[in-house]
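Read through the structure below, which is laid out as structure tokens, and then see the notes.
The values are calculated or read from the model by the stated rules, or taken from the named source; none is laboratory data. Here the structure is a predicted model, which is why all the values come from computation and not from measurement. FYI the Cβ positions are ideal-geometry reconstructions off the backbone, even for glycines, and counts take in every protein chain you see. These area figures cover heavy atoms from the full protein model, side chains too; ligands, DNA and RNA do not enter into them. Shrake-Rupley method; radii C 1.70, N 1.55, O 1.52, S 1.80 Å.
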Amino acid sequence: MLKLKPLFLSLSLLALPAASFALSMNGAGSTFIYPLASKWFSDYNKSTGVEINYQSIGSGAGIRQLLAGTIDFGASDAPMPDSLLAKSPVPILHLPATIGAVAVVYNLPGVPTGMKLTPDVLAGIFLGSITKWNDPAITALNPGMNLPATDISVAHRSDGSGTTNIFTDYLTKVSPDWASKVGKGTAVNWPVGLGGKGNEAVAGLVKQVEGAVGYVELAYAIKNNLTYVLIRNQAGNYPTPSLETTSAAAAGSLKTMPADFRTSITNMPGKDAYPICGFTWFLVYQKYTDAAKGKALVDFLNWAMDEGQKMGPDLYYPELPASLVKKIKASIATIQVGQ
Amino acid sequence: MPLNTDPRTPPVTPGGSRGQADLKPQQSGGLVQNKTPESRPSRIKKSWGDPVFKSVTLIFAGAILVLALAIAVELWVAAYPSIQGMGWHFFMTQKWDPVMNHFGGLSFIYGTVVSSLIAFLIATPFGIGISVFLTEMAPRALREPVSFLIEILAAIPSVVYGLWGIFVLAPLLSVHVYPYLIRWIGKPFFVGPSTGLSLLSAGIILAIMILPTIMSISREVFLAIPRSAREGALALGATRWETIVVAVISPSKPGLMGAIMLGLGRALGETMAVTMIIGNRPEVSLNLLGPSHSIASVIANEFAEATSDMHLAALSELGLVLMGITILINIAARVLVWSTSSKLRALEKA
């Protein structure tokens with residue numbers, strides 16, 4: 001006991017200066033944005049010395065931490081509902097940071113990538129009403145493709161996730177049946193299928209089971225060369241899921257963009273708009289009483305809109321359209337700093 | 001007392017530690033007790049040290065109790081909206097729908113209990129069988145390497161088990177084992193087609209994971225049986241099989257029970273490996289080849305992204321239920337240990 005005391009004392013002495021002198025901020029939330037965000041934070045730290053710690057604990061957990069006031073900013077793949085926003089003592093701003101897209105992938109030996117599906121048929125598959133790959137609804141859309149009579153097995157995420165939120169948000173928009181039976185959320189009551197934890201498990205399920213279909217983050221599908229479905233968008237085209245078509249979807253949302261950016265960008269108008277995508281937002285307080293911290297955060301957010309966006313494509317994150325960036329910067333300018 | 005068959009009493013100290021239901025018999029401390037009268041040079045020093053030591057250890061022991069209680073209270077508070085909102089429906093329904101805010105936990109409870117039960121049924125005979133072989137029959141050169149290899153199984157992280165399960169075990173079982181189960185046994189427990197991600201696969205992975213626990217503890221228990229007990233049985237004309245049953249396994253029952261319960265505890269709480277192979281489908285079905293779900297899996301899967309109060313509360317309530325199941329099983333094990341050891345004592349007196 002006696003010997004431990006000086007040890008504790010010296011430890012606490014060591015810890016104090018680190019906490020009081022370096023300007024550091026804490027953020028938490030979305031795991032989807034983590035690869036991009038950690039690149040941002042490390043580059044920003046090199047050029048400015050500001051240290052930003054980010055814990056990728058999940059969007060929901062990030063929101064809880066932000067409401068509890070234990071972090072300086074959050075990041076979420078789903079917008080906060082009004083009920084939660086009302087709980088915060090300080091108003092919270094949603095600032096789109098990047099865009100996520102979801103690819104529908106499948107495993108049918110002999111069938112190449114690029115099977116075409118309409119929103120209705122896609123919903124039918126995930127509702128369990130279409131059970132065979134040679135269902136007339138599918139073959140009619142894909143003349144010339146030799147589709148086998150294999151059973152369709154659905155794979156979905158078992159963990160609550162922003163990817164699921166985007167995907168179910170899309171199905172809810174395009175299929176009244178899905179809207180009434182299942183609905184949208186980070187975790188839903190799936191009518192059929194097996195659950196896998198994380199993109200890699202869903203992709204693993206799809207790879208292993210012949211006739212399987214699932215949904216994963218677009219970046220994951222591109223990096224792993226998975227065979228994906230082309231889905232008909234609002235304009236009637238079948239855009240290839242890619243960074244460009246995802247950016248096009250964000251551009252298509254500009255006309256209907258609400259002032260607080262809390263909007264879904266699935267099934268957006270636009271010739272090339274990929275239909276299944278959604279924003280990931282930084283969640284920041286409207287007001288920071290700690291002036292130094294507030295200013296540093298505002299600077300960082302502006303940096304993320306300029307330099308930060310350019311780093312996206314290398315890491316498979318689409319860039320936000322320039323016209324949207326202008327609007328976001330106007331919103332960043334409203335953050336109050338100091339007393 | 002005609003025959004000293006109690007494994008917990010080292011032969012050196014007859015009657016030294018009567019009736020203590022220890023897990024590891026060598027620790028019963030008869031030797032130390034015998035020594036204490038001589039090794040007490042200064043009475044003053046001891047009278048100061050003993051109470052301090054006693055209170056310090058008391059605080060340590062008490063802290064565990066307080067901690068367990070604090071966890072239970074915290075879970076209860078966090079789960080209260082669900083306990084109040086769902087009531088008994090929580091245990092009656094299997095519909096788990098975060099969108100509609102309807103939470104029924106039955107399928108998770110069912111999946112947890114059944115997968116652990118399968119693991120228990122597979123791992124117990126294997127674990128005890130291996131330790132009987134290692135202590136009673138294996139050549140000396142084989143003992144250490146084999147037990148070392150099995151104990152290494154305990155050091156493998158569960159996510160590795162999960163990956164192995166999903167990429168190796170599940171495809172293997174679904175191609176080479178499950179079709180035969182479906183053909184030969186069939187309904188209602190084995191209904192195909194199975195993708196390999198199923199309740200049974202989860203049970204098998206769990207069995208492999210808890211095998212080292214059961215094996216190494218039961219081996220320690222067997223090793224603690226004095227040689228004289230075995231020699232006595234042999235001298236009375238018992239065959240090798242009878243010796244093992246009468247002189248080794250039978251007096252070890254309390255210790256074996258402890259070994260199994262520790263293994264079962266691990267199976268109940270296992271998260272990562274199970275969630276990767278169980279299929280994650282909240283459904284109660286007798287079909288062991290169908291996908292299922294477990295309490296620990298759903299908590300790990302959904303807690304980070306849950307935002308609605310009811311969803312969080314329902315997950316906390318599942319945590320509380322898991323704690324309850326573990327406590328119930330431990331109590332059942334205690335009761336079993338007491339009843340078997342009291343039977344043993346009665347036998348000795350006769």
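B:GLU317 meets each of the listed conditions (1) more than 9 Å from chain A (Cβ to nearest Cβ); (2) open to solvent by 40 Å² or more (accessible area, probe 1.4 Å); (3) over 22 Å from B:MET261 (Cβ atoms) apart from (2). Within the stretch B:87-112, restricting attention to residues that are among the aliphatic types (A, V, I, L, M) and in contact with a helix residue (DSSP H, G or I) (Cβ under 7 Å, 6 or more places away or on another chain), the residue that is most open to solvent (accessible area, probe 1.4 Å) is B:MET92. Selection of the stretch A:34-66 for residues being free of Cβ contacts under 8 Å to residues at least 60 places away in the same chain, in contact with a helix residue (DSSP H, G or I) (Cβ under 7 Å, 6 or more places away or on another chain) and open to solvent by 40 Å² or more (accessible area, probe 1.4 Å) yields A:GLU51, A:SER56. Take the residues of the stretch A:142-165 that are in contact with a Phe, Trp or Tyr (Cβ under 9 Å, 6 or more places away or on another chain) and away from chain B (no Cβ under 12 Å): which is most open to solvent (accessible area, probe 1.4 Å)? Only one residue fits best here, namely A:ALA149. Counting only helices (runs of 4 or more DSSP H) that sit completely within the stretch A:48-136, those holding 2 or more residues that are away from chain B (no Cβ under 14 Å) correspond to A:119-127. State all residues of the stretch B:289-314 that are open to solvent by 30 Å² or more (accessible area, probe 1.4 Å) and more than 10 Å from chain A (Cβ to nearest Cβ); if no residue qualifies, say none. Scanning the stretch B:289-314 gives B:ILE299, B:MET310. Touching a residue at least 12 places away in the same chain (Cβ under 8 Å), in contact with a Pro (Cβ under 9 Å, 6 or more places away or on another chain) and not aliphatic (A, V, I, L, M): is that true of A:PRO148 in this structure? So A:PRO148 passes the test.
Is one or more of the residues making up the stretch A:210-233 within 23 Å of A:ASN142 (Cα to Cα), modelled with pLDDT under 90 and within 13 Å of chain B (Cβ to nearest Cβ)? Yes, the conditions are met somewhere in the stretch A:210-233. Taking the criterion of being open to solvent by 10 Å² or more (accessible area, probe 1.4 Å) and touching an Asp or Glu at 6+ places or on another chain (Cβ under 8 Å), the residues of the stretch A:199-221 that qualify are A:ASN199, A:TYR220. Restricting attention to the stretch B:159-168, the residues that are more than 10 Å from every other protein chain (Cβ to nearest Cβ) and surrounded by 21 or more Cβ atoms within 10 Å (Cβ to Cβ) total 2.
Residues of the stretch B:270-285 that are at the interface with chain A (Cβ under 9 Å from one of its Cβ atoms), surrounded by fewer than 24 Cβ atoms within 10 Å (Cβ to Cβ) and of a type outside the set (Lys, Arg): B:MET272 alone.
When B:LEU197, B:LEU142 are screened for being in a helix (DSSP H, G or I) and not charged (D, E, K, R), only B:LEU142 passes.
Table: residues versus (1) of a type outside the set (Phe, Trp, Tyr); (2) more than 30 Å from B:PRO212 (Cα to Cα); (3) touching a residue at least 12 places away in the same chain (Cβ under 8 Å); (4) open to solvent by 90 Å² or more (accessible area, probe 1.4 Å).
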| position | (1), (2), (3), (4) |
| --- | --- |
| B:ALA68 | yes, no, no, no |
| B:SER115 | yes, no, yes, no |
| B:ILE118 | yes, no, yes, no |
| B:PHE126 | no, no, yes, yes |
| B:PRO145 | yes, no, no, no |
